[in-house]
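What follows draws every value from the coordinates through simple rules; no lab data is involved. Just so it is clear, the structure is predicted and the values come from calculations on it, not from any experiment. Virtual Cβ from ideal backbone geometry, glycine too; neighbours counted across all protein chains shown.
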Amino acid sequence: MYKHQLPKQIMNFNLKEYVGILTGGGPAPGLNATIQAFVYAAFEKNIGVLGFHDGYRGLLDNNFSLLVPEALDPNRTHISSINGINVIGVTRIIDQPGSILRNSRTNLMKIEGGIEKAKQNLENLGLKALVCLGGDDTLSVAYELHKNGVNVVGAPKTIDNDVMGTDYCFGFDTAINAVAKFIRDLMWDARSTNGVFVVEAMGRRAGWIALEGGAAGGAHAILIPELYRAKVEDKELYPELAEYREIEFNVDSVVEIIRRRINRGKNYTVICVAEGYTDEILENIIEQEAKDIERDEFGHIRLDKLGVGKIVADYIAEKLNIRTRAVQVGYLSRSSSTSAFDAYMSINYGIHLIKLILEGKYGKMVAMEHSRFVDKDLSVAVGKIRYVEPWRFKNVSKFWSWTLTG
Ligand code: F6P
């Protein structure tokens, strides 16, 4: 049993039970807003909340804090403890990016006995349920815990916006606003220096950020993973990618766009590429560069080290014999101040999470469908990626396709 006694009385709340919450994977704006809303809504129902630190690592190490609606000490320092348990007041964190609980990519399925140990620790604490906030990696572990008898609910969080079963993952809006701003800003440098910039946005497998942030920023061309993934993914699993196979657009198309712009006297170009981009022209270089790069616990290569933006920039430089520059904006976009939309969405995600628990809907995640919050089986989020649909790429490409023919 855990040595500390969970308090039954906090402020004016008589707590009848406890639930846990954790944030897995990369940080995303909206996590703290979700946590704040969840804690407020839980206390309203006289449910106490334990926040586990460092994602699933905290479950293994019994490393948690008590989350309460406001700082208990009068100086609002957020430092206090009850029964030897650290206490965090979650007030006014709605706009803060990152996670007050901290994140990690700990994969319980890769640690021997990890799922069992986590389950045991949760049982020892007597928690009614566990909330997992994360992308498909975090949700796949949540699903595994659920299959092993843990009362789990989840919400889709990732700036990549690529979780199946939901139209929206919180963090995405903040990220695209940031990327759009960086591109608009870089445009001034590009114009003044006759420069060619390659902006590398996050998006490990899907190109949502590059496409939407790039389009809104006015990028002259955008490269997203789907253009190539459509050719290599299982066609039966991903029928939605079919139309991409008719689109011939790759790094050489971008070279051509830049060449034609230069011929028209436009010596500046800003393009946007998703960090997970590859194509038949670059794949050998990318594979070569990737082979010695470390991987995280979910087996993903560290894409910041790969730097596909630089690979694209170098390729363009060589082809056109010009200077090009690559800028990675991934971490900056991921840590930008939470947008109003993300804060608002996250508040709702937090409130719906407590509803799922009260209704005993375990093994579910809160999802957004046709502008409504619904619940979906966690299994939906596992094993498939939500790619950018072809029509979205086609529409956006109208902004630059004329330059290919003009
Ligand atoms: O959370 C997803 C993500 O934003 C990916 O787009 C990116 O590849 C990854 O995080 C990088 O995160 P880290 O370097 O923190 O592991």
query = Condition test on Gly98, is it at positive phi, buried (at least 22 other Cβ atoms within 10 Å of the Cβ) and not aliphatic (A, V, I, L, M)?
reply = no
request  = Working carefully through the options Ala210, Ala155, find the one that is within 15 Å of the ligand (Cβ to nearest atom), touching a residue at least 40 places away in the same chain (Cβ under 8 Å) and under 24 Å from Ile354 (Cβ atoms).
outcome  = Ala155
ask   = Glu294: more than 14 Å from the ligand (Cβ to nearest atom) and surrounded by fewer than 18 Cβ atoms within 10 Å (Cβ to Cβ), yes or no?
value = no
request  = Select, from Gly309, Gly299, Gly330, the only residue that is under 17 Å from the mean Cα position of the chain (by Cα), within 16 Å of the ligand (Cβ to nearest atom) and buried (at least 16 other Cβ atoms within 10 Å of the Cβ).
outcome  = Gly330
query = How many of the residues making up region 352-366 are farther than 19 Å from Val141 by Cα, out of contact with any helix residue (DSSP H, G or I) (no Cβ under 7 Å at 6 or more places or on another chain) and either of a type outside the set (Gly, Ala, Ser) or in a helix (DSSP H, G or I) (or both)?
reply = 4
ask   = Among the listed residues Tyr315, Tyr277, which satisfies the condition of being touching a residue at least 40 places away in the same chain (Cβ under 8 Å), within 19 Å of Ile183 (Cβ to Cβ) and out of contact with any Cys (no Cβ under 7 Å at 6 or more places or on another chain)?
value = Tyr277
message = Quick check on Tyr228: is it away from the ligand (no atom under 16 Å from the Cβ) and touching a Gly at 6+ places or on another chain (Cβ under 6 Å)?
response = no
key: In region 169-227, residue farthest from the chain's Cα centre (by Cα) [restricted to those that are buried (at least 24 other Cβ atoms within 10 Å of the Cβ), of a type in the set (Gly, Ala, Ser) and in a helix (DSSP H, G or I)]   = Gly217
Residue count for region 228-265, restricted to those that are over 20 Å from Ile183 (Cβ atoms), assigned to a helix (DSSP H, G or I) and of a type in the set (Gly, Ala, Ser) = 2
